[in-house]
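Working notes for the structure below.
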Amino acid sequence: MSLHADTSASFRHLLDLELLPVHHLKHVLQRAQAFAEGAQAPQALAGVAVCTLFFEPSTRTRLSFQLAAQRLGAYSLNFDASTSSVTKGETDLDTFRTIEAMGVRGFVVRHKSDGAVAALAAAAKAGVAVVNAGDGRSHHPTQGLLDMLTLRQAKGEDFSKLKVVIVGDVKHSRVARSDVHALRALGCGEIRVCGPAALLPDDDTLHGCIVTEDLDAALEGVDAAMMLRLQRERMAEGLVASLEDYHRDYGLTAARLQRAAADAIVMHPGPMNRGVEITDEVADGPQSRILNQVANGVAVRMAVLEVVLTN
Ligand code: CP
């Protein structure tokens with residue numbers, strides 16, 4: 001059980017969206033929407049110390065969690081593995097316990113290994129909360145939540161008639177997994193997934209989704225296109241022939257976007273490879289909601305920290 005939930009709007013850790021009861025998910029979205037609209041941030045976490053414990057690089061997740069913690073009145077501490085005693089051989093668990101012993105109550109953890117964040121959560125002392133900021137290719141729950149908030153703002157709360165396509169390296173994407181779980185939980189009418197066969201998962205992640213390798217077909221009539229970053233190591237692994245080939249077959253251009261609904265929105269979790277999975281014209285165009293996603297990241301992370309640290 002990755003989420004320690006009860007029947008109220010409280011839960012202790014947020015590790016993935018798969019087992020998050022839909023009422024918790026909706027509560028976080030409602031609270032985040034209030035923060036996004038400028039609701040006064042209560043000093044709910046005054047005196048609480050929150051540490052962003054990142055074993056992998058990040059720009060938006062790390063900074064938005066820090067800002068979220070500060071807006072709630074918490075002390076925000078930043079841990080960067082590359083400049084820490086991890087470089088001297090200290091284990092992840094000893095690192096976690098060391099910071100926990102200083103009185104830190106909230107941990108926001110990113111790690112390259114699947115399950116590493118859950119393992120730290122399992123070791124946490126009573127009263128200490130852990131939020132997954134991305135582990136391996138498994139989960140990125142707050143990205144899934146901020147993506148749903150962005151969709152809701154653009155398309156309303158009823159997802160039952162929405163057609164959404166997720167495009168790119170789904171196989172290695174924790175964002176895609178969290179988005180698929182959240183879209184399912186919110187009753188999205190049609191979830192399409194598109195990418196080259198080598199970048200599509202071979203497990204049951206996509207059950208119930210429409211899966212295709214044809215981007216033009218996948219875009220037909222969609223209300224939202226969620227583009228994924230092409231991880232460049234996939235070329236070294238031989239899964240993608242070249243960036244040019246990938247752009248030709250899976251890059252979102254303004255011409256391609258015309259296949260989508262006229263009011264379709266375009267999303268991307270960032271960081272983008274401009275000119276590969278998305279052109280400048282689309283990324284910076286009127287249908288782009290990419291910077292709205294970034295802004296919503298702060299609101300969603302405020303809502304999550306408030307829930308896990310005030311329960
Ligand atoms: N979307 C996302 O997780 O971005 P960062 O790696 O910059 O945090």
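Hey, can you tell me all the residues within the stretch 37-67 that are assigned to a strand (DSSP E or B) and surrounded by fewer than 16 Cβ atoms within 10 Å (Cβ to Cβ)?
Residues of the stretch 37-67 that are assigned to a strand (DSSP E or B), as a first pass: 49-54.
Within the stretch 37-67, none qualify.
What's the total number of residues in the stretch 251-275 that are within 16 Å of the ligand (Cβ to nearest atom) and within 17 Å of GLY195 (Cβ to Cβ)? Walk me through how you get there before you give the answer.
Residues of the stretch 251-275 within 16 Å of the ligand (Cβ to nearest atom): 266-274.
Next, from what is left, pick out any that are within 17 Å of GLY195 (Cβ to Cβ): 266-269, 272-273.
Qualifying residue count for the region: 6.
Hey, could you check the stretch 276-311 for residues that are within 30 Å of SER10 (Cα to Cα) and charged (D, E, K, R) and say which is farthest from the ligand (Cβ to nearest atom)?
So in the stretch 276-311, the residues within 30 Å of SER10 (Cα to Cα) come out as 289-311.
With the extra rule that they be charged (D, E, K, R), the set shrinks to 289, 301, 306.
Numbers: ARG289: 14, ARG301: 11, GLU306: 20 Å.
It comes out as GLU306.
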* Just give me the residues in the stretch 68-84 being open to solvent by less than 70 Å² (accessible area, probe 1.4 Å), outside any loop (DSSP other than H, G, I, E, B) and touching a helix residue (DSSP H, G or I) at 6+ places or on another chain (Cβ under 7 Å), in sequence order. => ALA68, ALA69, SER76, PHE79
* Asked: Quick one: how many residues across the stretch 117-154 are more than 16 Å from the ligand (Cβ to nearest atom), crowded, with 19+ Cβ neighbours inside 10 Å and part of a helix (DSSP H, G or I)?
  -> 4
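Would you mind stating whether ARG232 is open to solvent by 60 Å² or more (accessible area, probe 1.4 Å), within 16 Å of the ligand (Cβ to nearest atom), farther than 30 Å from TYR75 by Cα and touching a strand residue (DSSP E or B) at 6+ places or on another chain (Cβ under 7 Å)?
Numbers: open to solvent by 60 Å² or more (accessible area, probe 1.4 Å): yes; within 16 Å of the ligand (Cβ to nearest atom): yes; farther than 30 Å from TYR75 by Cα: yes; touching a strand residue (DSSP E or B) at 6+ places or on another chain (Cβ under 7 Å): no.
Answer is no for this residue.
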* Does the stretch 156-172 contain any residue that is under 23 Å from ARG105 (Cα atoms) and open to solvent by 30 Å² or more (accessible area, probe 1.4 Å)? -> no
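The values are calculated or read from the model by the stated rules, or taken from the named source; none is laboratory data. None of these values were measured; they are calculated from a predicted model. Ideal geometry is used to build each Cβ from the backbone, glycine not excepted, and the neighbour counts take in all protein chains shown. Surface accessibility is based on the protein's heavy atoms, side chains included, excluding ligands, DNA and RNA. Shrake-Rupley method; radii C 1.70, N 1.55, O 1.52, S 1.80 Å.
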